[in-house]
1. Just the accessible area per residue of region 361-410, please: how many Å² with a 1.4 Å probe?
2. Under 18 Å Cα to Cα from K63, which lysines show up? Leave out anything in the same chain fewer than 8 places away.
3. Separation between the T99 and F308 pseudo-spin-labels, each 7 Å from Cα along Cα→Cβ, expressed in nm?
4. Quick one: if you stick a label point 7 Å off each Cα along the C-beta vector at S451 and M106, how many nm between them?
5. Once fully extended, how much extra length lies between A205 and V395, figured as 0.36 nm per residue of separation less the alpha-carbon to alpha-carbon distance?
6. Between R366 and A421, what length in nm is gained on full extension when 0.36 nm per residue of separation is reduced by their alpha carbon distance?
7. Apply 1/(1 + (r/R0)^6) to the Cβ-Cβ distance of V179 and S137, taking R0 = 41 Å, and write down the FRET efficiency to the nearest 0.05.
8. Going highest first, how would you order 170-176, 239-245, 154-160 by mean Cβ packing within 10 Å?
Amino acid sequence: MSGPRSIRQLMNSGADGWGLIVVAIGATVGLVFVSLTTGLRSALFLLLLVALVAFFNRRFVLKAVVVLIPFMPLVRRLVADGGSGDVDPLSIAMLAASTLVLVASMRDGLRSRDGLRGLNLLVLLVVLSVALSFGASGGVTADAIFSAASVCVCLLLVATIAAGVVPDVWAAAEKALPVLGVLSGAYGLFQFYYLPSWDKSWMLASGLRSIGQAIPMQVRIFGPSEAPGPYAFLLGLCATIAVAKALSVGGPRRFVFAGVAIFLLFPMLVSGVRTAILAVAIAIGALLIFRARGFARVVPLLFLGVMFFALSYVQGRLSATSTLFAGSRYTGFDASTDTSFRERLALLEMLRNPGAYLVGRPAGGRYDNIVVDVLVNFGLVAAIGLVLALTLSAVAAIANLRKGVGETGAVATVFALVTAASGNIFLSGYGILIALAFGSTLLQWSARRRSLQVPVESEQRRGSERHALEATDG
């Protein structure tokens, strides 16, 4: 019996209905008490978890997470009372909901004999290395615990979805994300031209200076997200999915999805995150190489053409009114003077001596490269396991694109893998979206491999039986 159905039955029955009313009144009183004593954010966090548990259905919870993730940082800002909201129960709400799904799937996971054994082993190595790093560490910080939990939960989601233990909800996610992207993009443009007071207060309280000034048209927009990087990631992911959908559908819907992708370009450019733009271009290039056929090739080519036009347009149009675009952020590149590029190159120098990080030092520091971040915080074994798991995901994505299986999940995987070069993609709330895409891609890839192996194994079995009969007759 599903959660929502059982609740409706309780409400429609006599004694049970009164019992539910009493429980609801008690829960309301409890939430008001928590709100008055510890703050509104804690009350909202508890309310959200109680609602998810009340309607508990693993598929429903994951779908709710997909819808809530893009706007949870905005909710945090609205109830932050002018603070930065960094230490906030709402910041772990989606991670907690995903953990509930994993816990509820534990019994099925222990019984399951499916899945990718190599992937399961790699995820286990990462989890054990994280635990070892905490055991060897002298102290533990909240940031370190959050980083470890985010990486482990996301990788466990990937492995369990690929094994068929946790429901694969990517089909629902790919339908919702273009719509969520349009809403987020529209809010971001509104934020650029008219910076709301709650966003301005958050910028001033957080102390961030790399995203511009807290005045209209002088800010690298972050939309409903917590920073320009995650925001551009969401828009790029939605744009990539929209282009993939434009290739797979026909009629007017093809033009609708193409229009969505083009619209999302502009807020993504105003966010000022170049890695997301590069990732979109590479993902669309993969679609063009492995999937597009005939006239359908026009769609990704058109999108790439519009992208390069938009780069020049935004740079030229806004350079006179916004100091953020007065330079050559998009239209020019000089490795000797580009600070961001040189900082990322310096991070790669840390990979030349991996032996110095046999055991990680989980202090909660963040590095603009996923491998370096995991290596420093959680050790060499975790970094190796992560690299191999990401490589396996890349192989599965390319194979699926070539065969036309799960195209949106595959192209989303390619996009996420490129962005991983500029940060730990599992640390923001969007890490859960990435886990859903990776898991679905690996699930379809492994299912296709098994379907190809079954006829071969059956033929081998028949051949062995035939040889045995011939030997007996002889």
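The values are calculated or read from the model by the stated rules, or taken from the named source; none is laboratory data. Keep in mind the model is a prediction, meaning the values are calculated, not measured. Note: ideal-geometry Cβ built from the backbone for every residue, glycine included; neighbour counts use all protein chains shown. SASA here: full protein model, heavy atoms, side chains in, ligands and nucleic acids out. Shrake-Rupley method; radii C 1.70, N 1.55, O 1.52, S 1.80 Å.
1. So region 361-410 comes to 35 Å² accessible per residue, rounded to a whole number.
2. Excluding near neighbours in sequence, the set is K175.
3. 4.8
4. 3.5
5. Working: separation 190, 0.36 × 190 = 68.40 nm, distance 4.31 nm.
Length difference between fully extended and current span is 64.1 nm.
6. Details: separation 55, 0.36 × 55 = 19.80 nm, distance 1.32 nm.
Extra length available between R366 and A421 comes to 18.5 nm.
7. Details: r = 43 Å, r/R0 = 1.04.
It comes out at approximately 0.45.
8. Working: 170-176: 18.3, 239-245: 27.7, 154-160: 25.9.
Going by the mean number of other Cβ atoms within 10 Å, highest first, we get 239-245, 154-160, 170-176.
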